[in-house]
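Below: the structure, in structure tokens.
The values are calculated or read from the model by the stated rules, or taken from the named source; none is laboratory data. Values in this document were obtained by computation on a predicted structure and should not be read as measured data. FYI the Cβ positions are ideal-geometry reconstructions off the backbone, even for glycines, and counts take in every protein chain you see. Remember, those area values only see protein heavy atoms, side chains included, never the ligands or the DNA or RNA. Shrake-Rupley method; radii C 1.70, N 1.55, O 1.52, S 1.80 Å.
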Amino acid sequence: VGLGTQQLAKNKKSSYGINYSYVNVGLYFSLIKQTPDYFKMPQFHNGDANFRIKTKNGGMIKYYTTFAFGDLGLRRPDIDSDYLKDAFSLKNNNWYNNLTYKENLGKGWKMNLGASFSTNLDKIQQQVQDKTNLPKQFPSSQFWMNSKNFSFHNLQNLSLGRAVIEKSLGGLSAIRFGGEYMQIDNYTAAFAEGSIYLSKNLAAQVGARFEHSSIINRSDIAPRISLAYKAGKRSQLSVAYGIFYQKPESQQLYVPSMLGFTKAIHYVLDYQRIYNQRTLRVEAYYKKYEDLIKQMPVSYNYYDYNNAGSGYAKGIDLFFRDKKTIK
């Protein structure tokens, strides 16, 4: 079952909406026999809400939120025996929020602000049971069976903020600068870039990005540049160079190693032609990778990590779309 509404103000300068739905498969499962034994019938609550407000200067404020709750439990035959059961249950709570604000500041200045917050909680329980659905314990010699009895809560929160300021320089040229912050690993970034038309047929985009991750206590600066040349009315040739960084994966940070960012250097040459509802694009690329994470065995079932890895990728991409012959 579900219900919802979306309303627009008479002056068309604001709107709001709300939706809710509930799912319970108990009636269906009572009609259609299921192989698993569901001791908790799967049920789910979902909802979302939003509003939008236009500002006096043509800007826009938007908010969106959504939540979900789920609960289920089922028993299946245990794979390591012919008379025991595995009982698994899961409760999930999820909530997401997103707020953005876009505004014209006048004299060619624009502002974009955004923030989001999300939280997810999984309550998981696994239990070995006997034929009467009672918990089963095992002697210490059967540790692999006792390991099937567990319960844990997994909570994940993420907050993100972002701000971008843009200044028009006349025509299609503009400069942009801003920053962002990610709470999950105290990641901070700032950037600046400019889109400059050097002539009628030649444009450049030049920028740099500063990044810092406190979880690995590392910082970097990533420059990027691209040039685009209009080769006639229907064709364009472009070349791009850029450096990109990425922090190690979360599971790699559990090991007490002094890991840093991994690095990728991109070189891209692109040709595109659009004519008579047909598009042809050919792109050649070479990507060089440095400081990749390598996994080194130290002892039985234990590994260490370092940034000694390297590699590359190269190739040609071909894309063709024909909207005239095939409508």
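How about region 285-327: which of its residues are open to solvent by 50 Å² or more (accessible area, probe 1.4 Å), hydrophobic (A, V, I, L, M, F, W, C) and more than 23 Å from Ile216 (Cβ to Cβ)?
Ile316, Leu318, Phe319, Phe320, Ile326 - these are the residues of region 285-327 that are open to solvent by 50 Å² or more (accessible area, probe 1.4 Å), hydrophobic (A, V, I, L, M, F, W, C) and more than 23 Å from Ile216 (Cβ to Cβ).
Is region 91-106 home to any residue that is closer than 30 Å to Lys136 by Cα and either open to solvent by less than 40 Å² (accessible area, probe 1.4 Å) or not polar (S, T, N, Q) (or both)? Spell out how you get there, then give the answer.
Just the residues of region 91-106 that are closer than 30 Å to Lys136 by Cα, to begin with: 91-93.
Filter once more, so that each one left must be either open to solvent by less than 40 Å² (accessible area, probe 1.4 Å) or not polar (S, T, N, Q) (or both): 91-92.
Scanning region 91-106 turns up at least one residue that is closer than 30 Å to Lys136 by Cα and either open to solvent by less than 40 Å² (accessible area, probe 1.4 Å) or not polar (S, T, N, Q) (or both).
List every residue pair whose Cβ atoms lie under 9 Å apart, where the two residues are 6 or more positions apart in sequence or sit on different chains, the first residue falls within region 193-212 and is farther than 21 Å from Lys230 by Cβ, and the second residue, located anywhere, is open to solvent by less than 50 Å² (accessible area, probe 1.4 Å) and in a loop (DSSP other than H, G, I, E, B).
Glu211/Phe261
Do we have any residue at all in region 193-204 that's modelled with pLDDT of 95 or more and either within 22 Å of Ser250 (Cα to Cα) or of a type in the set (Lys, Arg) (or both)?
No, the conditions are met nowhere in region 193-204.
With the condition kept exactly as written, say whether any residue in region 116-127 is closer than 26 Å to Ser159 by Cα, open to solvent by less than 40 Å² (accessible area, probe 1.4 Å) and in contact (Cβ under 8 Å) with a residue 40 or more places away in the chain.
Yes, some residue in region 116-127 is closer than 26 Å to Ser159 by Cα, open to solvent by less than 40 Å² (accessible area, probe 1.4 Å) and in contact (Cβ under 8 Å) with a residue 40 or more places away in the chain.
Determine, yes or no, whether Val23 is over 22 Å from Lys62 (Cα atoms) and open to solvent by less than 90 Å² (accessible area, probe 1.4 Å). Walk me through how you get there before you give the answer.
Numbers: over 22 Å from Lys62 (Cα atoms): yes; open to solvent by less than 90 Å² (accessible area, probe 1.4 Å): yes.
Spelling it out, Val23 is indeed over 22 Å from Lys62 (Cα atoms) and open to solvent by less than 90 Å² (accessible area, probe 1.4 Å).
Quick test for you: out of Lys54, Lys40, pick the one residue that is under 30 Å from Lys12 (Cβ atoms), in contact (Cβ under 8 Å) with a residue 40 or more places away in the chain and out of contact with any His (no Cβ under 6 Å at 6 or more places or on another chain). Walk me through it before giving the result.
Values: Lys40 fails: under 30 Å from Lys12 (Cβ atoms).
Residue meeting the stated conditions: Lys54.
Can you tell me which residue within region 128-160, out of those that are among the charged types (D, E, K, R) and surrounded by 11 or more Cβ atoms within 10 Å (Cβ to Cβ), is farthest from Phe177 (Cα to Cα)?
Residues of region 128-160 among the charged types (D, E, K, R): 130-131, 136, 148.
From what's left, surrounded by 11 or more Cβ atoms within 10 Å (Cβ to Cβ): 130, 136, 148.
Details: Asp130: 63, Lys136: 61, Lys148: 52 Å.
Looking at the filtered set, the residue picked out is Asp130.
Return a yes/no flag: does region 4-14 have any residue that is open to solvent by 50 Å² or more (accessible area, probe 1.4 Å) and in contact with a helix residue (DSSP H, G or I) (Cβ under 8 Å, 6 or more places away or on another chain).
No: zero hits.
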